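Below you'll find the structure, written out as structure tokens, and then a few comments.
The values are calculated or read from the model by the stated rules, or taken from the named source; none is laboratory data. What you are looking at is a predicted structure, and each value in this text was computed from that prediction instead of being measured. FYI the Cβ positions are ideal-geometry reconstructions off the backbone, even for glycines, and counts take in every protein chain you see.
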Amino acid sequence: GAGVSQSPRYKVAKRGQDVALRCDPISGHVSLFWYQQALGQGPEFLTYFQNEAQLDKSGLPSDRFFAERPEGSVSTLKIQRTQQEDSAVYLCASSLDSTGYSPLHFGNGTRLTVT
Amino acid sequence: GQQVMQIPQYQHVQEGEDFTTYCNSSTTLSNIQWYKQRPGGHPVFLIQLVKSGEVKKQKRLTFQFGEAKKNSSLHITATQTTDVGTYFCAGHSGNTGKLIFGQGTTLQVKP
């Protein structure tokens, strides 16, 4: 079956530009997570949703980062006025339920490079 | 806040040697999950441990969850070149669904 799909796969932005990263989770998965992964590091938690509700956004680095999942399916991570330190791979993952005991299914990520 | 630490950061072994990575949490965990990320790929779920002192095996991989539910280990017996990649532990505590990842251990296997 279809896995988690992320687009675009690569994004190059000039410093100061806004970007929008899209995530299509596995159909029927309740929870959706966004992680940021810098080179050689582990995934850093950004935010997560249970259906359309954003339950935790404690990992968002600044108010330039905004995530939404308006209909409880597709999610968008928006970064305004990008900075060089935003360069990283942004990983989206979904899981079947919201208990914290379901495995995460990751997409291939969006590699963001800010020049 | 909750932190998950992994050691070592890198490990180079000769094919056939054993490998172990250790994971420690600053807080008691409800469960721990292990993931493998191949170079250029995304993390893929391997296994979950829930009970104190639990041990699970997958072929040459042995996973342990500590008695206090604050640490875990992954041991690979007789490594193969297909074991190359970065192994992450990820813990979840309390009522939140948030999963916190360690920094990972990158395994290189020399044939």
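Given the criterion among the polar types (S, T, N, Q), touching a strand residue (DSSP E or B) at 6+ places or on another chain (Cβ under 7 Å), assigned to a strand (DSSP E or B) and more than 9 Å from chain A (Cβ to nearest Cβ), identify the matching residue among B:T106, B:T86, B:T21, B:T79.
Exactly one of B:T106, B:T86, B:T21, B:T79 is among the polar types (S, T, N, Q), touching a strand residue (DSSP E or B) at 6+ places or on another chain (Cβ under 7 Å), assigned to a strand (DSSP E or B) and more than 9 Å from chain A (Cβ to nearest Cβ), namely B:T21.
Hey, does the range B:31-38 have a residue that's modelled with pLDDT of 95 or more and in contact with a helix residue (DSSP H, G or I) (Cβ under 9 Å, 6 or more places away or on another chain)?
Yes - at least one qualifying residue is present in the range B:31-38.
Show the residue pairs that are 6+ apart or on different chains and have beta-carbon atoms under 6 Å apart, the first residue being within the range A:40-65 and within 12 Å of A:L77 (Cβ to Cβ) and part of a loop (DSSP other than H, G, I, E, B), the second being among the basic types (K, R) and modelled with pLDDT of 95 or more.
Final answer for the pair search is A:R64/A:R81.
Does A:F106 count as away from chain B (no Cβ under 14 Å) and either in contact (Cβ under 8 Å) with a residue 12 or more places away in the chain or touching a Ser or Thr at 6+ places or on another chain (Cβ under 6 Å) (or both)?
Taking the combined requirement at face value, the residue does not satisfy it.
Before we move on, is A:G72 surrounded by 14 or more Cβ atoms within 10 Å (Cβ to Cβ), in contact with an Asp or Glu (Cβ under 6 Å, 6 or more places away or on another chain) and on the phi > 0 side of the Ramachandran plot?
Judged against the criteria, A:G72 is a match.
Just need a number here: residues in the range B:89-100 that are at the interface with another protein chain (Cβ under 7 Å from one of its Cβ atoms) and either part of a loop (DSSP other than H, G, I, E, B) or surrounded by 23 or more Cβ atoms within 10 Å (Cβ to Cβ) (or both).
5
Among (1) on the phi > 0 side of the Ramachandran plot; (2) touching a Gly at 6+ places or on another chain (Cβ under 9 Å); (3) within 11 Å of chain A (Cβ to nearest Cβ), there is one condition B:G40 misses while meeting the rest; what is its number?
Unmet for B:G40, out of (1) on the phi > 0 side of the Ramachandran plot; (2) touching a Gly at 6+ places or on another chain (Cβ under 9 Å); (3) within 11 Å of chain A (Cβ to nearest Cβ): (2).
Could you go through the range B:60-76 and let me know if any residue there is in contact with a Leu (Cβ under 7 Å, 6 or more places away or on another chain), outside any loop (DSSP other than H, G, I, E, B), without any contact (Cβ under 8 Å) to a residue 24 or more places away in the chain and not small (G, A, S).
Among the residues of the range B:60-76, at least one is in contact with a Leu (Cβ under 7 Å, 6 or more places away or on another chain), outside any loop (DSSP other than H, G, I, E, B), without any contact (Cβ under 8 Å) to a residue 24 or more places away in the chain and not small (G, A, S), which makes the answer yes.
What do you reckon, is B:K56 closer than 19 Å to A:G40 by Cβ, under 15 Å from the mean Cα position of the chain (by Cα), of a type in the set (K, R) and outside any helix (DSSP H, G or I)?
In short, no.
I'd like to know if the range A:70-89 contains one or more residues that are within 14 Å of chain B (Cβ to nearest Cβ), assigned to a strand (DSSP E or B) and free of Cβ contacts under 8 Å to residues at least 60 places away in the same chain.
Looking through the range A:70-89, at least one residue is within 14 Å of chain B (Cβ to nearest Cβ), assigned to a strand (DSSP E or B) and free of Cβ contacts under 8 Å to residues at least 60 places away in the same chain.
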